[in-house]
1. Just to verify a result, which residue in the range 1-17, among those that are in contact with a helix residue (DSSP H, G or I) (Cβ under 8 Å, 6 or more places away or on another chain), part of a helix (DSSP H, G or I) and open to solvent by 70 Å² or more (accessible area, probe 1.4 Å), is farthest from Gly140 (Cα to Cα)?
2. Only residues that are free of Cβ contacts under 8 Å to residues at least 60 places away in the same chain and under 21 Å from Leu147 (Cβ atoms): list them for the range 31-46, please.
3. Going residue by residue through the range 31-46, is there one that turns out to be at pLDDT 95 or above, of a type in the set (A, V, I, L, M, F, W, C) and open to solvent by 40 Å² or more (accessible area, probe 1.4 Å)?
4. Which one is farthest from Gly5 (Cα to Cα) among residues in the range 47-83 that are surrounded by 13 or more Cβ atoms within 10 Å (Cβ to Cβ) and free of Cβ contacts under 8 Å to residues at least 24 places away in the same chain?
5. Within the range 145-173, how many residues turn out to be open to solvent by 10 Å² or more (accessible area, probe 1.4 Å) and modelled with pLDDT of 90 or more?
6. For the range 33-46, does any single residue satisfy the condition of being part of a helix (DSSP H, G or I) and of a type in the set (A, V, I, L, M)?
7. Quickly run through the range 19-30 and pick out the residues that are surrounded by fewer than 18 Cβ atoms within 10 Å (Cβ to Cβ) and in a helix (DSSP H, G or I).
8. Look at Val28 and say whether it is under 19 Å from the mean Cα position of the chain (by Cα) and closer than 19 Å to Asp158 by Cβ.
Amino acid sequence: MTVKGRDRLVAGAGLLVLASSFLPWWTVQVRRMSEDGATYETSFGSAWHMSSRWSAAVLITVGALVVSLVWRRDRGRVPPLMHLATVAAVALSIFLVLQQWQDVESLSEGSTSVSRVTVDGHPLGAEPPSRDPAADIASGFMKRDDLLSFHSAGLNADVGWGMWVGLCAMALAGAALVAANHRRRPQPRAPHQA
């Protein structure tokens, strides 16, 4: 792979991480009953909308990739310490994504913790009736940096498929950095025969 090809790999991984940040990292699905039967409304939030840690992870990863690309363009091969720092930055990003996912509190039906879900400052179910209760419920489970997971027959709130795509994109970005700075060892020359 040529240097330009390696740089394209790093740039492509950076664009993939950036694009994945706009995918549904958090989803809330609410069942709405009507005369025609049950329908489901799905709301989603991107990494930028739902979590400071997810947003920081995207920025750190893209920043590390940009630093590596600019260094390679201006000065050639990235020195080992700088290379280690950029790969460590991507590893930190992956850690931040996983840490946010681990910190999502899982609520269960009948749990007293459900009272933590609020709509316009009122506990869920205690607020004045609105024209769109399904939207109120969804907004109650889509609070930035206070993510609450809930699973029941009529309501599901949890990480979305976009988070998994973003996590894979970050891992690919780390692998692209390693591949871009990998240098083949020169092959030993065969001795000349007279």
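1. Residue satisfying both the conditions and the ranking: Val3.
2. Passing the criteria: Tyr40, Thr42.
3. Scanning the range 31-46 turns up no residue that is at pLDDT 95 or above, of a type in the set (A, V, I, L, M, F, W, C) and open to solvent by 40 Å² or more (accessible area, probe 1.4 Å).
4. Quick first cut of the range 47-83, residues surrounded by 13 or more Cβ atoms within 10 Å (Cβ to Cβ) only: 47-69, 71-72, 77-78, 82-83.
Filter once more, so that each one left must be free of Cβ contacts under 8 Å to residues at least 24 places away in the same chain: 59, 67, 71, 82.
On the way: Leu59: 23, Val67: 17, Trp71: 16, Met82: 20 Å.
So, considering only residues that are surrounded by 13 or more Cβ atoms within 10 Å (Cβ to Cβ) and free of Cβ contacts under 8 Å to residues at least 24 places away in the same chain, the one farthest from Gly5 (Cα to Cα) is Leu59.
5. 9
6. Step one: of the range 33-46, the residues part of a helix (DSSP H, G or I) are none.
So far as the range 33-46 goes, no, none of its residues is part of a helix (DSSP H, G or I) and of a type in the set (A, V, I, L, M).
7. Ala19
8. Values: under 19 Å from the mean Cα position of the chain (by Cα): yes; closer than 19 Å to Asp158 by Cβ: yes.
Criteria met by Val28.
The values are calculated or read from the model by the stated rules, or taken from the named source; none is laboratory data. Nothing here was measured: the structure is a model prediction, and the numbers come from that model. Glycine also receives a Cβ, built like all others from the backbone with ideal geometry; neighbour counts cover every protein chain displayed. Note: accessible area is taken over every heavy atom of the protein model, side chains too, but ligands, DNA and RNA are not part of it. Shrake-Rupley method; radii C 1.70, N 1.55, O 1.52, S 1.80 Å.
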